[in-house]
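> I have a structure here, written as structure tokens, and I will follow up with some questions on it.
The values are calculated or read from the model by the stated rules, or taken from the named source; none is laboratory data. Keep in mind it's a predicted model, so treat the numbers as computed, not measured. Quick reminder, even Gly has a Cβ in these numbers, built from the backbone with ideal geometry, and neighbours come from all protein chains shown.
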Amino acid sequence: MGPESSSPLFTGSVAGTLRLIFYLALAMVLMVLDHRNGWLWRVRYNAAVVVEPLYKLAGMPSAGMHALGVAFADRKLLTEQNQHLREDLLLANAKLNRMAAVAEQNQRLKELLDTRHNLTLKVQLARVVGVDLGAYRHRLMLDAGARQGVKTGQPVIDAHGVMGQIVHVLPSTSEMMLVTDPDSAIPVVIERTGLRTVAYGSREGDQLTLPTIPRAADVKAGDHLLTSGIGGRFPPGFPVGEVVSVAPAATGTFLEAHAEPSADLDRSQDVLLLHDLAAPAGPPAPAPEAGPPASLAPAVSSAAPAPATPATGAAR
Amino acid sequence: MNRTRLARWWFAGTLLVSLLAMLLPLPTVLEPFKPYWPALVLLYWTLEAGDRMTLGMAFALGLGADLLDGVLLGEQALRLTALVFIALRFRSRLRFFPMWQQTLAVLALLVNDRILLLIVRAFAGEALPPLAWWVSPFVGAALWPFLFLLMDDLRMRLRIQ
């Protein structure tokens, strides 16, 4: 910003080119280092003092729009919505009550079988910050971070199913990867048949891909996918998606299915972070206690840890 | 003295606002049409105050944008440095172009920027983006005359050099 001696018409072209080469080389070195080590997130964690207020600032318009929408919403609409929510709540409560009875029964039976699994679920509510992290990126910013006890790898769910997992944590915000992200992999089980497989995010759109289904397997459009719990990252039994199409894969050795995620990936404002998973990360402990006595059980448990490897590598 | 300080704040403020505009979410349908705001604002300052603009500033702004975006540290720094370098090279010509010609030049610069981005993404092993991804430079170029006139007008009003 100081006084420039040379005319802008004749700025030293050699010096300019050299400077360009210097900066380009610097940028490339940074990119390679970042790609190899991924230390952008460490830098970002330290720069959070500056970065997080900017996120808050950038998220304000969308929060404001939301508030405006609520403020100017039709009274009738709100009443209708309220009524609708009430009914939903009633239904959910009724279901929950029945579930509670079943859960209690289950608990008793399991105690009889001497297992230490339990159905309690520790969750934490978080809001989605309305920040655009680039087009075609299946990432969301949440308003809870390390100070709220969020850790990398925590599963994120909404009312309808699994949304994804936390991939990066800043002091008071965190970034989650949706199940539709090409880097995402989630071990699932097909509800109807009990077939275990892995659902990957897809490169094309907002769908899940299941590229490794055996040709002989029985999979149809309309099948529901649940988390299988293998790999230890996602607890078992949460809905993941619904199969929409099945076709032979390009390689010919497998069937490839596409599924629609069951969570409201575009519309969810509030999400739940799951805490304290029942099983630690890594291969699950063999569970011979559950089910019939070991003498009657077929040797299934030895095959179980095998599909766990893609899941542990899910978070890059 | 006061005037130059104001000018400096105005300069930094517009760049910060451009970063915020980059983070601002749009409805999903409009998402691919979002122009690359930091590039547009940076181009404006390169053309209007080219003696103040250096490659280092472009690099620093790019690094800031990378920190916010969280994709790959250095990606936007590379793109913005290249953009400002080309703009500085042809600055004396670009400034005296009629508006429509200038707009075309901006379009070429933005498309070039997208190609650079594509190369970086390809090296990082990411998939090719869909066709709608290429619309953004055109939206940016279409907005250029308005942005230029608006910023020029504001600058005149504030009487900033």
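> Counting only residues that are assigned to a strand (DSSP E or B) and either within 15 Å of the chain's Cα centre (by Cα) or at pLDDT 85 or above (or both), how many does segment A:126-164 have?
Number of matching residues: 13.
> Do the conditions hold for B:Ala60, that is, is it modelled with pLDDT of 90 or more, assigned to a helix (DSSP H, G or I) and more than 7 Å from chain A (Cβ to nearest Cβ)?
Taking the combined requirement at face value, the residue satisfies it.
> Next question. I need the full set of residues from segment A:234-270 which are surrounded by 12 or more Cβ atoms within 10 Å (Cβ to Cβ) and assigned to a loop (DSSP other than H, G, I, E, B), in order please.
Answer for segment A:234-270, where residues must be surrounded by 12 or more Cβ atoms within 10 Å (Cβ to Cβ) and assigned to a loop (DSSP other than H, G, I, E, B): A:Phe234, A:Pro235, A:Pro236, A:Gly237, A:Phe238, A:Ala249, A:Ser262, A:Ala263, A:Asp264, A:Leu265, A:Ser268, A:Gln269.
> Any residue that is facing chain B (nearest Cβ under 10 Å) and either over 20 Å from B:Gly56 (Cβ atoms) or touching a helix residue (DSSP H, G or I) at 6+ places or on another chain (Cβ under 7 Å) (or both) - is there at least one of those in segment A:74-86?
No, segment A:74-86 contains no residue that is facing chain B (nearest Cβ under 10 Å) and either over 20 Å from B:Gly56 (Cβ atoms) or touching a helix residue (DSSP H, G or I) at 6+ places or on another chain (Cβ under 7 Å) (or both).
Quick grid of which residues meet (1) surrounded by 19 or more Cβ atoms within 10 Å (Cβ to Cβ); (2) in a helix (DSSP H, G or I); (3) facing chain A (nearest Cβ under 7 Å):
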| residue | (1), (2), (3) |
| --- | --- |
| B:Leu40 | yes, yes, no |
| B:Ala65 | yes, yes, no |
| B:Val71 | yes, no, yes |
| B:Leu83 | yes, yes, no |
| B:Phe96 | no, no, no |
| B:Asn112 | no, yes, no |
| B:Ile115 | no, yes, no |
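> Still on this model: Here are some conditions: (1) of a type in the set (Gly, Ala, Ser); (2) surrounded by fewer than 20 Cβ atoms within 10 Å (Cβ to Cβ); (3) without any contact (Cβ under 8 Å) to a residue 24 or more places away in the chain; (4) in a helix (DSSP H, G or I). B:Ala132 meets all but one. Which one does it not meet?
Among (1) of a type in the set (Gly, Ala, Ser); (2) surrounded by fewer than 20 Cβ atoms within 10 Å (Cβ to Cβ); (3) without any contact (Cβ under 8 Å) to a residue 24 or more places away in the chain; (4) in a helix (DSSP H, G or I), B:Ala132 violates only (3).
> Could you check segment B:23-38 and list, in sequence order, the residues that are touching a residue at least 12 places away in the same chain (Cβ under 8 Å), more than 17 Å from B:Leu78 (Cα to Cα) and assigned to a helix (DSSP H, G or I)?
B:Leu23, B:Pro32, B:Phe33, listed by residue number.
> Criterion first (facing chain A (nearest Cβ under 8 Å), acidic (Asp, Glu) and out of contact with any Leu (no Cβ under 8 Å at 6 or more places or on another chain)) does B:Asp51 satisfy it?
Working: facing chain A (nearest Cβ under 8 Å): yes; acidic (Asp, Glu): yes; out of contact with any Leu (no Cβ under 8 Å at 6 or more places or on another chain): yes.
Judged against the criteria, B:Asp51 is a match.
> Looking only at segment B:117-161, which residues are within 13 Å of chain A (Cβ to nearest Cβ) and of a type in the set (D, E, K, R)?
Matches in segment B:117-161: B:Arg121, B:Glu126.
> What do you reckon, is A:Arg203 within 26 Å of A:Val129 (Cβ to Cβ) and at pLDDT below 90?
The answer is yes for A:Arg203.
> I would also like to ask the following. Of the conditions (1) among the polar types (S, T, N, Q); (2) touching a Pro at 6+ places or on another chain (Cβ under 7 Å); (3) facing chain A (nearest Cβ under 9 Å), B:Thr103 fails just one. Which one is it?
Going through (1) among the polar types (S, T, N, Q); (2) touching a Pro at 6+ places or on another chain (Cβ under 7 Å); (3) facing chain A (nearest Cβ under 9 Å) one by one, B:Thr103 breaks only (3).
> Which one of A:Ala217, A:Ala199 is within 25 Å of A:Arg137 (Cβ to Cβ), out of contact with any helix residue (DSSP H, G or I) (no Cβ under 8 Å at 6 or more places or on another chain) and aliphatic (A, V, I, L, M)? Let's see the steps before the verdict.
On the way: A:Ala217 fails: within 25 Å of A:Arg137 (Cβ to Cβ).
After ruling out the rest, the residue left standing is A:Ala199.
> Follow-up. For segment A:47-69, state whether one or more residues are within 29 Å of B:Leu16 (Cβ to Cβ) and more than 14 Å from every other protein chain (Cβ to nearest Cβ). Walk me through how you get there before you give the answer.
Taking segment A:47-69 first, the residues within 29 Å of B:Leu16 (Cβ to Cβ) are A:47-69.
Those still in the list that are more than 14 Å from every other protein chain (Cβ to nearest Cβ) too: A:67-68.
Yes, some residue in segment A:47-69 is within 29 Å of B:Leu16 (Cβ to Cβ) and more than 14 Å from every other protein chain (Cβ to nearest Cβ).
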